[in-house]
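Undergrad: Okay, handing you the structure first.
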Amino acid sequence: MACLSSSQLQKFQEDGFLVLEGFLSAEECVAMQQRIGRIVAEMDVPPHCRTEFSTHEEEQLRAQGSTDYFLSSGDKIRFFFEKGVFDEKGNFLIPPEKSINKIGHALHAHDPVFRSITHSPKVQALARSLGLQMPVVVQSMYIFKQPHIGGKVFPHQDASFLYTEPLGRVLGMWIALEDATLENGCLWFIPGSHTSGVSRRMVRAPAGSAPGTSFLGSEPAWDNSLFVPTPVRRGALVLIHGEVVHKSKQNLSDRSRQVYTFHLMEASGTTWSPENWLQPTAELPFPPLYT
């Protein structure tokens, strides 16, 4: 099973991220890719929900924060698109399956293929070897990083969006379903940047006020030379500490970089911020990882 050695645990604690090559088999990766192909083929996106996903702050606030489609996606399977893929009437300029940025945020709860991977014995064993007592799944995303148009993701800390008290209780599991290379937008990390708290937080506005979210604090101008590229092969899992600073570049290559990623929270002794955009609902309380 996927138990970490003491040297791997130490490296994760020092760096704030850890690469586990060969975590999933090629067959498991293909099963998720085929399943997402069917989900995309069947998607029905209402024109008023044709939201472009962006990670740049002003655009984030305008495009996402003001839209209920994003803010109410925590317990649903919803579709978010790259910039420039719609005309002014909301019609696709390129095929829908080539225009999608990501699907979120509850594949782990609503889809049997993604649920079985998320709660797989391998993932449960990995969480146990990290010492997680009561991990719950807070969100999941399928990220496409489309050829030529897959947008860059600005430097950020996941805990800016998934804030807990105390900090250090959120963990990302990022699984490469295709090779992630320097050319197609692999992750870049600042090793050791997970130890000095969170520089900004995205908070949800009171119900009914616009925009729907705002930022407290600001993202420092991180020195580019501090980032280390982390190319991985298909099937690799990257563990991401909630406070480690990471980014990815635009995909200018002709190959996509598809990943499935989900976040766990240690629920024992932890408060999930009531100001986070993502909230558990009556329909979908955060499901326990251990089954």
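The values are calculated or read from the model by the stated rules, or taken from the named source; none is laboratory data. It should be emphasised that the depicted structure is a prediction, and the values quoted were computed from it without experimental measurement. Glycine gets a Cβ as well: all are built from the backbone with ideal geometry, and neighbour counts include every protein chain shown. Ligands, DNA and RNA are stripped out before the accessible areas are found, and what is left, the full protein with its side chains, is counted by its heavy atoms. Shrake-Rupley method; radii C 1.70, N 1.55, O 1.52, S 1.80 Å.
Undergrad: Check Met265 against each of (1) of a type outside the set (Phe, Trp, Tyr); (2) assigned to a loop (DSSP other than H, G, I, E, B); (3) open to solvent by less than 30 Å² (accessible area, probe 1.4 Å) and name the one condition it does not meet.
TA: Met265 satisfies all of (1) of a type outside the set (Phe, Trp, Tyr); (2) assigned to a loop (DSSP other than H, G, I, E, B); (3) open to solvent by less than 30 Å² (accessible area, probe 1.4 Å) except (2).
Undergrad: Follow-up question, since we're still on this one. Can you tell me which of Leu177, Leu187, Leu252 is exposed (fewer than 15 other Cβ atoms within 10 Å of the Cβ) and not polar (S, T, N, Q)?
TA: Leu252
Undergrad: Here's something else I'd like to know. How many residues are more than 27 Å from Pro274 (Cα to Cα), hydrophobic (A, V, I, L, M, F, W, C) and open to solvent by 10 Å² or more (accessible area, probe 1.4 Å) when one looks only at the stretch 90-143?
TA: Counting residues in the stretch 90-143 that are more than 27 Å from Pro274 (Cα to Cα), hydrophobic (A, V, I, L, M, F, W, C) and open to solvent by 10 Å² or more (accessible area, probe 1.4 Å) gives 6.
Undergrad: Inspect all residues belonging to the stretch 283-291 and state whether any of them is open to solvent by 10 Å² or more (accessible area, probe 1.4 Å) and farther than 18 Å from Ser140 by Cα.
TA: No: the stretch 283-291 contains no residue that is open to solvent by 10 Å² or more (accessible area, probe 1.4 Å) and farther than 18 Å from Ser140 by Cα.
Undergrad: State whether one or more residues within the stretch 154-166 are among the β-branched types (Val, Ile, Thr), at pLDDT below 95 and in contact with a strand residue (DSSP E or B) (Cβ under 9 Å, 6 or more places away or on another chain).
TA: No, the conditions are met nowhere in the stretch 154-166.
Undergrad: Does Asp223 satisfy the criteria of being open to solvent by 70 Å² or more (accessible area, probe 1.4 Å) and farther than 30 Å from Ser268 by Cβ?
TA: yes
Undergrad: Also, I was wondering about something else. Kindly provide the set of residues from the stretch 156-194 that are β-branched (Val, Ile, Thr), over 13 Å from Phe17 (Cβ atoms) and not in a strand (DSSP E or B), ordered by number.
TA: Answer for the stretch 156-194, where residues must be β-branched (Val, Ile, Thr), over 13 Å from Phe17 (Cβ atoms) and not in a strand (DSSP E or B): just Thr181.
Undergrad: So, one more: Determine whether the stretch 213-224 contains at least one residue that is among the hydroxyl-bearing types (Ser, Thr, Tyr) and free of Cβ contacts under 8 Å to residues at least 40 places away in the same chain.
TA: The answer is yes, given that some residue of the stretch 213-224 is among the hydroxyl-bearing types (Ser, Thr, Tyr) and free of Cβ contacts under 8 Å to residues at least 40 places away in the same chain.
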